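Input: a single structure, listed below in structure tokens.
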Amino acid sequence: MVQQGTPITLARGQYRLREALGGSAYGVVWRADDMAGGSVAIKLVNTGQMALAPASLRHHWIDAARAEERFLSSLAPWDARHIVRLLDSGSHEGMPAMALELLDADLASHLKAERGAGRQPKLPQALDWIAQVNQALAKVHAAGFRYLDLKPGNLLLDRRTGGIKLADFGTSRPLLDAPTHSYAGTASWQAPEQFFPRARGLYAPHPRSDYFALGALFFWLVCGRMLKYGAACAQAYSAHGREGAAILRREHGGLPSTLSPDEAASFAQAAGKEAADLLRSLLAPEPADRPNHALEISRALCAIRARVAEPLRRAA
Ligand SMILES: Nc1ncnc2c1ncn2[C@@H]1O[C@H](COP(=O)(O)OP(=O)(O)O)[C@@H](O)[C@H]1O
Ligand SMILES: [Mg+2]
């Protein structure tokens, strides 16, 4: 059991847990003091949830933590512009543990508070964040991985620069992996090929599955709500688990539409026609119809950004 005050000793130093920041079934994240008077985020395995799983599945918790540590430690310092920086790693009570740079809030809680106060991010801000996430995804793909869990809770805000960084690499998979029977990611944000298994119950997410989630995030930032498609997948998954995909297909007589005409129209009204064209291509049901490469997305974003009046805010 970890609690406030628990000391954590990793390869490079010792940390003392101060406050739980968040987590999921897989991980728990704490704000902690380091020995130099600074603060870090300590990410630990959620051993409470792990203990509830059947013994044969418990390795998933350790695999996810190890995959995250492997990916983050493979990055060069200059790769960390829009990816959370790994500061230290090791183990705690026999489980993998990491110290990460401490950021200010995840985008889900930040925007919940902003929207609660009646504020909505402006279009230039949404475009800059999408461009930053696109850069982060390009790094992940260049390092040989598909990210597969893009969502606001996995994006961390740096209030000093206004920029965001991608975090939580426990779901990432190598680009060349064979299709698997295991479902991964978060139903409300993911591409059809990630949510709906192919024949024989196999999932084959594509690197461009990340572009679909980028489109879902773009829509959420601009329109202030989730896509109806994502909401339907989330609802089906929470009611029926993995069987939800087949039930949803039956209810819709095929794949539900990923972007309805009224959603496309309200996005175009808020962000303009060029942005709506980019959104439509990111949200194409087939990976082959989405942009080929991060460069294609960044060119489109730059062209849209250039027409939007506010000066570009540079994130360090
Ligand atoms: N480096 C960090 N700085 C500040 N908060 C963080 C940091 N890393 C994670 N968090 C908080 O903890 C939550 C869970 O972290 P995440 O890495 O997504 O773990 P999980 O695998 O449990 O989803 C995030 O949504 C965020 O609120
Ligand atoms: Mg997460």
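The values are calculated or read from the model by the stated rules, or taken from the named source; none is laboratory data. Computed from a predicted structure; not experimentally measured. A quick note on method: Cβ atoms are made from the backbone with ideal geometry, for glycine too, and the neighbour counts reach across all protein chains shown. Keep in mind that these areas ignore ligands, DNA and RNA; they rest on the heavy atoms of the full protein, side chains included. Shrake-Rupley method; radii C 1.70, N 1.55, O 1.52, S 1.80 Å.
Being more than 16 Å from VAL84 (Cα to Cα) and surrounded by 21 or more Cβ atoms within 10 Å (Cβ to Cβ), is that true of even one residue in segment 112-123? Reasoning before the result, please.
Taking segment 112-123 as the starting set, the residues that turn out to be more than 16 Å from VAL84 (Cα to Cα) are 112-123.
With the extra rule that they be surrounded by 21 or more Cβ atoms within 10 Å (Cβ to Cβ), the set shrinks to none.
No.
Please go through segment 154-170 and give me each residue that is crowded, with 18+ Cβ neighbours inside 10 Å and either out of contact with any strand residue (DSSP E or B) (no Cβ under 9 Å at 6 or more places or on another chain) or at pLDDT 95 or above (or both), ordered by number. Lay out the reasoning, then the answer.
Start the filter on segment 154-170 by keeping residues that are crowded, with 18+ Cβ neighbours inside 10 Å, which leaves 154-158, 163-170.
Residues satisfying the conditions are ASN154, LEU155, LEU156, LEU157, ASP158, GLY163, ILE164, LYS165, LEU166, ALA167, ASP168, PHE169.
Could you identify the single residue in ALA126, ALA97, ALA117, ALA108 that is closer than 19 Å to SER298 by Cβ and among the small types (Gly, Ala, Ser)? Show your work before the answer.
Details: ALA97 fails: closer than 19 Å to SER298 by Cβ; ALA117 fails: closer than 19 Å to SER298 by Cβ; ALA108 fails: closer than 19 Å to SER298 by Cβ.
Exactly one of ALA126, ALA97, ALA117, ALA108 is closer than 19 Å to SER298 by Cβ and among the small types (Gly, Ala, Ser), namely ALA126.
Answer with yes or no whether PRO174 is closer than 29 Å to LEU72 by Cβ, assigned by TED's automatic domain parsing to the domain that holds SER109 and away from ligand 1 (no atom under 16 Å from the Cβ). Break it down into steps so the answer makes sense when it comes.
Numbers: closer than 29 Å to LEU72 by Cβ: yes; assigned by TED's automatic domain parsing to the domain that holds SER109: yes; away from ligand 1 (no atom under 16 Å from the Cβ): yes.
So PRO174 passes the test.
In segment 156-186, how many are out of contact with any Lys or Arg (no Cβ under 7 Å at 6 or more places or on another chain) and touching a residue at least 60 places away in the same chain (Cβ under 8 Å)?
Qualifying residue count, segment 156-186: 11.
Tally time: how many residues in segment 67-80 are open to solvent by 40 Å² or more (accessible area, probe 1.4 Å) and in contact with a strand residue (DSSP E or B) (Cβ under 8 Å, 6 or more places away or on another chain)?
First pass over segment 67-80, keeping only residues open to solvent by 40 Å² or more (accessible area, probe 1.4 Å): 69-70, 73-74, 77-78.
Pick out the ones that are also in contact with a strand residue (DSSP E or B) (Cβ under 8 Å, 6 or more places away or on another chain) and you get 69, 73.
Here the count works out to 2.
Could you give every pair whose Cβ atoms fall below 8 Å, whose first residue belongs to segment 138-150 and is more than 9 Å from ALA294 (Cβ to Cβ) and assigned by TED's automatic domain parsing to the domain that holds THR171, and whose second residue is in a strand (DSSP E or B) and open to solvent by 10 Å² or more (accessible area, probe 1.4 Å), counting only separations of at least 6 or pairs across chains?
Filtered contacts from segment 138-150: VAL140/ARG146; GLY144/PRO174; PHE145/ARG173; PHE145/PRO174; ARG146/ARG173; ARG146/PRO174; LEU148/ARG173.
Would you point out the residue of segment 177-188, among those that are hydrophobic (A, V, I, L, M, F, W, C) and closer than 22 Å to VAL133 by Cα, that is modelled with the highest pLDDT? Break it down into steps so the answer makes sense when it comes.
Initially, segment 177-188 is screened for residues hydrophobic (A, V, I, L, M, F, W, C), giving 178, 184, 187.
From the residues that got through so far, the ones that are closer than 22 Å to VAL133 by Cα too are 184, 187.
Working: ALA184: 90, ALA187: 97.
Per the criteria, the residue is ALA187.
Residues that are part of a loop (DSSP other than H, G, I, E, B) and either within 14 Å of ligand 2 (Cβ to nearest atom) or among the acidic types (Asp, Glu) (or both): does segment 121-132 have at least one? Before you say what the answer is, go through the steps one by one.
So in segment 121-132, the residues part of a loop (DSSP other than H, G, I, E, B) come out as 121-122.
Then keep just the ones that are either within 14 Å of ligand 2 (Cβ to nearest atom) or among the acidic types (Asp, Glu) (or both); that gives none.
Looking through segment 121-132, none of the residues is part of a loop (DSSP other than H, G, I, E, B) and either within 14 Å of ligand 2 (Cβ to nearest atom) or among the acidic types (Asp, Glu) (or both).
Of the conditions (1) away from ligand 2 (no atom under 16 Å from the Cβ); (2) over 21 Å from HIS110 (Cα atoms); (3) within 18 Å of the chain's Cα centre (by Cα), GLU69 satisfies every one except a single condition; which number is it?
GLU69 satisfies all of (1) away from ligand 2 (no atom under 16 Å from the Cβ); (2) over 21 Å from HIS110 (Cα atoms); (3) within 18 Å of the chain's Cα centre (by Cα) except (1).
Taking segment 225-245 only, how many residues are free of Cβ contacts under 8 Å to residues at least 40 places away in the same chain, open to solvent by 30 Å² or more (accessible area, probe 1.4 Å) and part of a helix (DSSP H, G or I)?
Counting residues in segment 225-245 that are free of Cβ contacts under 8 Å to residues at least 40 places away in the same chain, open to solvent by 30 Å² or more (accessible area, probe 1.4 Å) and part of a helix (DSSP H, G or I) gives 5.
Examine segment 200-212 for a residue that is basic (Lys, Arg) and at positive phi, and state whether such a residue exists.
First, pick out the residues of segment 200-212 that are basic (Lys, Arg): 200, 208.
Still in the list and also at positive phi: 200.
Yes, because at least one residue in segment 200-212 is basic (Lys, Arg) and at positive phi.
Collect the residues in segment 134-174 that are among the hydrophobic types (A, V, I, L, M, F, W, C), within 11 Å of the chain's Cα centre (by Cα) and within 22 Å of LEU87 (Cα to Cα), keeping them in residue-number order. Spell out the reasoning first.
Start the filter on segment 134-174 by keeping residues that are among the hydrophobic types (A, V, I, L, M, F, W, C), which leaves 136-138, 140, 142-143, 145, 148, 150, 155-157, 164, 166-167, 169.
Among the residues that remain, those that are also within 11 Å of the chain's Cα centre (by Cα) are: 136-137, 148, 150, 155-156, 166-167, 169.
If the condition is that a residue be among the hydrophobic types (A, V, I, L, M, F, W, C), within 11 Å of the chain's Cα centre (by Cα) and within 22 Å of LEU87 (Cα to Cα), then ALA136, LEU137, LEU155, LEU156, LEU166, ALA167, PHE169 are the ones that fit.
Under 6 Å between Cβ atoms, which residue pairs at least 6 apart in sequence (or on different chains) link something in segment 91-108 that is open to solvent by less than 40 Å² (accessible area, probe 1.4 Å) with a partner that is polar (S, T, N, Q) and more than 7 Å from ligand 1 (Cβ to nearest atom)?
ALA97/SER91; MET98/SER89
Within segment 141-153, can one find any residue that is under 23 Å from SER298 (Cα atoms), within 16 Å of ligand 1 (Cβ to nearest atom) and either open to solvent by 40 Å² or more (accessible area, probe 1.4 Å) or in contact with a His (Cβ under 7 Å, 6 or more places away or on another chain) (or both)?
yes
Would you pick out the residues in segment 250-263 that are more than 19 Å from PRO121 (Cα to Cα) and either free of Cβ contacts under 8 Å to residues at least 60 places away in the same chain or surrounded by fewer than 14 Cβ atoms within 10 Å (Cβ to Cβ) (or both)?
Filtering segment 250-263 for residues more than 19 Å from PRO121 (Cα to Cα) gives 250-262.
Once the filter is applied, which keeps residues that are more than 19 Å from PRO121 (Cα to Cα) and either free of Cβ contacts under 8 Å to residues at least 60 places away in the same chain or surrounded by fewer than 14 Cβ atoms within 10 Å (Cβ to Cβ) (or both), segment 250-263 yields ARG250, GLU251, HIS252, GLY253, GLY254, PRO256, SER257, LEU259, SER260, PRO261, ASP262.
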